[in-house]
Amino acid sequence: MDREKERIGTHKGKNRRLQTLPAEFLWDGLVLKEDIFNHTGAVLLLPKGETITKSRLEKLMGFYGDNKNIMVYEETYLEIMMDEHTSPEARQKMMESHVGYARLQRDIGDLFERRDYDAWLNREKLAPLIREVASRLENFDPVTILSCINFPRPMDEGLQRHSLNVALLNGMQAEWLDLPPDDVNTLVLAGLVHDIGKTMIPEEILNAPRRLTNEELAVMRHHPVYSDELLSGKFDDNVRLAARHHHEKLDGSGYPDGIAGEQLGFCTRITAISDIYDAMVSARSYKGARLPLDVFDMFYREEFDGLDRSLVVTFLKNMRERYTNRQVIMSDGRRGEILYIPYNDAEHPIIRQGEEVRQTDEDWYCKEILAAD
Ligand SMILES: [Fe+2]
């Protein structure tokens with residue numbers, strides 16, 4: 001956990017920022033290493049050294065009526081987040097709040113609901129959002145951000161989360177490629193708006209909890225054209241074309257135009273990788289979510305024909321590096337550490353669990369990858 005704390009400057013004494021936490025995430029028997037406060041941070045509820053008991057927990061939940069939040073120092077927040085008592089769902093909620101992902105998702109959701117596109121769909125109005133996304137990338141470790149990205153999501157949050165995720169993944173790729181800050185911003189922007197055309201697709205098709213019929217699929221596949229129309233004249237061609245072409249393939253087998261090779265720009269090629277990665281890790285109604293390691297394997301096995309192979313290689317190399325040495329929760333419920341991710345078999349990493357070192361298989365596999373270690 002030390003490396004993570006260092007990145008966000010939460011070493012004792014350096015940063016005493018308080019963070020909101022639902023009181024229900026505490027547990028009977030937790031010994032407080034730090035004071036805890038009420039939801040405004042103004043009233044000390046329990047001093048450090050005290051133990052949470054069932055009756056104390058009930059009291060904490062009942063103090064302020066409907067508001068069942070408390071505030072804790074960031075260090076305590078991270079410890080609670082990574083503790084074995086904390087469920088994957090609670091951990092996810094805490095992670096998204098800690099990274100600022102939850103707020104960004106809400107902001108994007110609010111924008112996308114507005115149909116006065118002329119008022120907000122331009123670079124100037126979106127600049128604060130681009131800055132916010134870029135600052136998440138600067139302040140947090142990629143695996144922490146990927147933990148927010150990789151979690152299964154409700155269907156009705158699909159578009160806002162996908163747009164944010166592709167923006168974050170585009171920004172990550174831009175950094176791994178050492179692109180200048182202007183290009184990072186352009187790629188983040190392209191990620192944010194690439195699927196804006198989906199706001200023109202009827203809800204029952206967009207969020208259908210089943211496979212689409214051929215007719216519905218044709219409607220759905222028109223969304224890059226809508227994106228192009230909405231962005232036209234408002235953004236430079238890199239952004240507009242990434243939106244129109246993100247489902248095109250280098251071999252010409254994509255849609256909506258079936259163009260190929262050199263006709264697909266750099267920004268489009270990067271956005272296509274982010275788009276596929278996010279689609280594969282996220283839960284869909286007709287297939288389960290996948291762990292990122294499984295998705296790396298699919299990229300390696302070239303299941304996604306028509307992507308730029310040199311960009312895929314950079315993507316996989318960086319992803320493997322970031323996930324090595326991470327803590328995981330295994331299918332047996334115990335924790336372990338990823339020692340090595342085989343280049344040609346990322347789905348089956350080598351895990352250290354106590355004294356034992358072994359490769360995962362069908363019966364013994366990673367269930368959850370923890371962001372902080
Ligand atoms: Fe799309």
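If you scan the stretch 222-268, which residues turn out to be on the phi > 0 side of the Ramachandran plot and in contact with a Gly (Cβ under 6 Å, 6 or more places away or on another chain)?
Narrowing the stretch 222-268 to residues on the phi > 0 side of the Ramachandran plot: 233, 252, 258, 261.
252, 258 - these are the residues of the stretch 222-268 that are on the phi > 0 side of the Ramachandran plot and in contact with a Gly (Cβ under 6 Å, 6 or more places away or on another chain).
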Checking the structure you have, find out if any residue of the stretch 255-274 is under 18 Å from residue 187 (Cα atoms), away from the ligand (no atom under 13 Å from the Cβ), loosely packed, with under 15 Cβ neighbours inside 10 Å and of a type in the set (Asp, Glu).
no
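How many residues are within 13 Å of residue 247 (Cα to Cα) and either more than 14 Å from the ligand (Cβ to nearest atom) or assigned to a helix (DSSP H, G or I) (or both) when one looks only at the stretch 213-225? Please lay out each step first, then the result.
Taking the stretch 213-225 as the starting set, the residues that turn out to be within 13 Å of residue 247 (Cα to Cα) are 220-225.
So of that shortlist, the ones also either more than 14 Å from the ligand (Cβ to nearest atom) or assigned to a helix (DSSP H, G or I) (or both) come out as 220, 223-225.
The number of residues fulfilling the criteria is 4.
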Does residue 199 satisfy the condition of being in the same structural domain as residue 158 (by TED's automatic domain parsing) and in contact (Cβ under 8 Å) with a residue 60 or more places away in the chain? yes
Across (1) within 17 Å of the chain's Cα centre (by Cα); (2) at pLDDT below 95; (3) charged (D, E, K, R), residue 211 clears everything bar (1)
Those residues of the stretch 230-248 that are in a loop (DSSP other than H, G, I, E, B) and within 13 Å of the ligand (Cβ to nearest atom) come to a total of 3
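What do you reckon, is residue 104 assigned by TED's automatic domain parsing to the domain that holds residue 172, of a type outside the set (D, E, K, R) and surrounded by 21 or more Cβ atoms within 10 Å (Cβ to Cβ)?
On the way: assigned by TED's automatic domain parsing to the domain that holds residue 172: yes; of a type outside the set (D, E, K, R): yes; surrounded by 21 or more Cβ atoms within 10 Å (Cβ to Cβ): yes.
Answer is yes for this residue.
Is it fair to say residue 256 is in contact with a Pro (Cβ under 7 Å, 6 or more places away or on another chain), farther than 24 Å from residue 134 by Cα and not in a helix (DSSP H, G or I)? Spell out how you get there, then give the answer.
Values: in contact with a Pro (Cβ under 7 Å, 6 or more places away or on another chain): yes; farther than 24 Å from residue 134 by Cα: yes; not in a helix (DSSP H, G or I): yes.
Yes; evaluated as a whole, the condition is true for this residue.
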Residue 210 fails exactly one of (1) over 13 Å from residue 274 (Cα atoms); (2) out of contact with any Gly (no Cβ under 7 Å at 6 or more places or on another chain); (3) within 13 Å of the ligand (Cβ to nearest atom), namely (3)
Scanning the stretch 15-58 for residues that are among the hydroxyl-bearing types (Ser, Thr, Tyr) and outside any strand (DSSP E or B), the one surrounded by the fewest Cβ atoms within 10 Å (Cβ to Cβ) turns out to be 55
Taking the stretch 259-270 and keeping residues in a helix (DSSP H, G or I) and not hydroxyl-bearing (Ser, Thr, Tyr) leaves 261, 262, 263, 266, 267, 269, 270
- Looking at this structure, is residue 228 buried (at least 16 other Cβ atoms within 10 Å of the Cβ), closer than 23 Å to residue 127 by Cβ, more than 21 Å from the chain's Cα centre (by Cα) and not β-branched (Val, Ile, Thr)? yes
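The values are calculated or read from the model by the stated rules, or taken from the named source; none is laboratory data. Since this is a predicted model, take the numbers as computed values, not measurements. Cβ atoms come from the backbone with ideal geometry, glycine included; neighbour counts cover every protein chain shown.
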